[in-house]
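S.K.: I am attaching a structure below and will ask some questions about it afterwards.
Coordinate-derived values only; no laboratory data. Fair warning: this is a prediction, and the values are worked out from it, not measured in the lab. Here the Cβ positions follow ideal geometry from the backbone for every residue, glycine too, while neighbour counts run over all protein chains shown.
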Amino acid sequence: MTFEELGLSQKVLAAVQASGYTTPTPIQAQAIPPALQGRDILGIAQTGTGKTAAFTLPMLSRLESGRARARVPRTLILEPTRELAAQVEESFAKYGKNHRLNVALLIGGVSFGDQEAKIMRGADVLIATPGRLLDFFDRGKLLLTGIEILVIDEADRMLDMGFIPDIERVCKLVPFTRQTLFFSATMPPEITRLTEAFLHNPIRCEVSRAATTATTIRQALVASRGHADKRDTLRNLIRGAESFKNAIIFCNRKRDVAILHRSLVKHGFSAGALHGDMDQLARMASLDAFKNGEVSLLVCSDVAARGLDIPDVSHVFNFDVPTHSEDYVHRIGRTGRAGRSGVAMTIVTEDDMKYVDQIQSLIGKAIDWEGPGFDALPPPMETTRPQERRGDRAGRGMRRERGRRPATEREAPVSLGRPPRGGRSKPEEERFRSPACAAPTAERRERRPRRHEDDGPPVVGLGDHVPSFLLRPVALRPAKVAEE
Ligand code: AMP
């Protein structure tokens, strides 16, 4: 099958050719012809399958006739995250370069004024996250009565993020006669119910499910003692990584993204962060810095990183084992894209084993272990903790010495045959180091608070917290003074 056989317009074909694509992907081959005929589509496809072009290309062809009116967009694409929305906008710029269409982006964290001006000009394509779209609608700045095509992308992720009521509302606000192109990687019951309510006799297009991982990705599991040791393990993995260019590091929780990011920067790595609580400008800046190679590590949460199309990522590290096994497939799919090779390493504690089992059964194969197993790991960090903490409270200068030594000792056996910390060569050291995150000077080190940076928060009430008055040195008087 060729793109010419799909029925796309000449302008679209020229743009596809300029992109260098010669053959439609399976989702494109299945979805584009019926979409061009105006049929509803139910596409079950994950990111990386070419699904963005599967809806963008027929939309561009269909938009060639007709014009947009002020405040009344002609088509609407709903995306769960701002990054995905911005990525779809880029696709319109790429595939629509021979068209003169107004594309507007409505996402949170960006000023209303500019967005409103674009809508006032008349948007042929409106790409939005549900919250900001409804905000605009409720302020009376937008009418949805002119929507000819509605795209709902990453529906299962919308479900995870609690957007389904918003989606239902939007589906009721757009004309009944619109065409709907609906994409989801999985079909949980809530999504099936949504498609039954809002799609009209759809053509179902299903491509390889989120259960397959690309053969170009080398996957490995790495044992770690517990949460406190995982940062050591990660640092060793990064330092020892072969053919390293850059890496995306996934955490399960937004809070841990921020903590890990700070820890990596503190250790001299050039790292950015991406999670849902960051404002939009900071998110875009992090993403751009990673794409441009200004930082070589990007610490992410699942939601923020879902579907991001960064073509050349050499490594993915799962700092946490994902609790939803399909997230594993999405995460490691950030590397090994477009036929390139990639490495995906997952740090595993004993508590994570049930999730590892679920992942292995989803992908239908066992993932190899690298380095020592749980039994061969050195003693856990926790055994030295109370002492370290007391040292912290007795004097911060001491803590560094006391706290550091066991960490260095721990690193050697976990190094998977790669150089331990102390043995790192100079160029290797420099490849992770950016000017912005150069090692702190002795003076700054003194001033900066050290707690929480590396050991996680202390657990009050479980023996980890000692009130400072108990740690104060007590001056005992000599006995004879007491007698006087
Ligand atoms: P998506 O699933 O939309 O995130 O697309 C994944 C990647 O595949 C993007 O980098 C696209 O540029 C690329 N792509 C889309 N369609 C094709 C195609 N027909 N041939 C080769 N690459 C494609």
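S.K.: At 7 Å along Cα-to-Cβ for each site, give me the label-to-label distance between Asp357 and Asp312 in nm.
M.R.: 4.2 nm
S.K.: Okay, next question. Using Cα pairs under 8 angstrom and six or more residues apart, how large is the relative contact order of region 217-385, in percent?
M.R.: So the answer I get is 36 percent.
S.K.: Now, a different point. Based on the mean of other Cβ atoms within 10 Å per residue, sort peptides 70-80, 161-171, 281-291, 30-40 so the most packed one is first.
M.R.: So the peptides 70-80, 161-171, 281-291, 30-40, ranked by packing, come out 70-80, 30-40, 281-291, 161-171.
S.K.: Set the Förster radius R0 to 56 Å, insert the Cβ-Cβ distance between Arg169 and Ser341 as r into 1/(1 + (r/R0)^6), and round the FRET efficiency to 0.05.
M.R.: 0.80
S.K.: Oh, and also: Under the classification rounded if a/c is under 1.5, otherwise prolate if a/b is larger than b/c and oblate if not, where does region 79-131 fall, given a ≥ b ≥ c as square roots of the Cα gyration tensor eigenvalues?
M.R.: oblate
S.K.: Would you list, by chain and number, the lysines whose Cα falls below 18 Å from the Cα of Lys245, excluding same-chain residues fewer than 8 positions away?
M.R.: Lys291, Lys426
S.K.: Give me log10 I(q)/I(0) at q = 0.11, 0.12, 0.17, 0.19 Å⁻¹ for region 3-206, Debye formula, one equal scatterer per alpha-carbon, no solvent.
M.R.: The Cα Debye sum returns log10 ratios of -0.45, -0.54, -1.16, -1.47.
S.K.: Using modelled amide H (1.01 Å from N, peptide plane; none on Pro or chain starts), what sits under 5 Å from the amide H of Leu106, excluding residues fewer than 5 places away?
M.R.: Distant-sequence amide H within range of Leu106: Ile127, Ala128, Thr129.
S.K.: Moving to a separate point now. I need the P(r) histogram for region 84-200: all alpha carbon pairs, bin width 10 Å from 0 out to the longest distance, whole percents.
M.R.: 12, 45, 36, 7, 0
S.K.: For region 287-323, list residues with backbone N below 17 Å from a point placed 7 Å from the Cα of Glu242 toward its Cβ?
M.R.: Once the point is set 7 Å along Cα→Cβ of Glu242, 314-316 turn out to lie under 17 Å by backbone N, inside region 287-323.
S.K.: Considering the Cα trace of region 217-385, what is its radius of gyration and what is Dmax, both in angstroms?
M.R.: When restricted to Cα atoms, region 217-385 yields Rg and Dmax of 15.2, 46 Å.
S.K.: Let me ask something additional. On a full-extension model of 0.36 nm per residue, what is the gain between Asp279 and Arg121, subtracting their alpha-carbon distance, rounded to one decimal in nm?
M.R.: Going from the current span to full extension adds 54.2 nm.
S.K.: What is the spin-label model distance, in nm, from Met1 to Glu350 if the labels are put 7 Å beyond Cα along the C-beta direction?
M.R.: 5.1 nm
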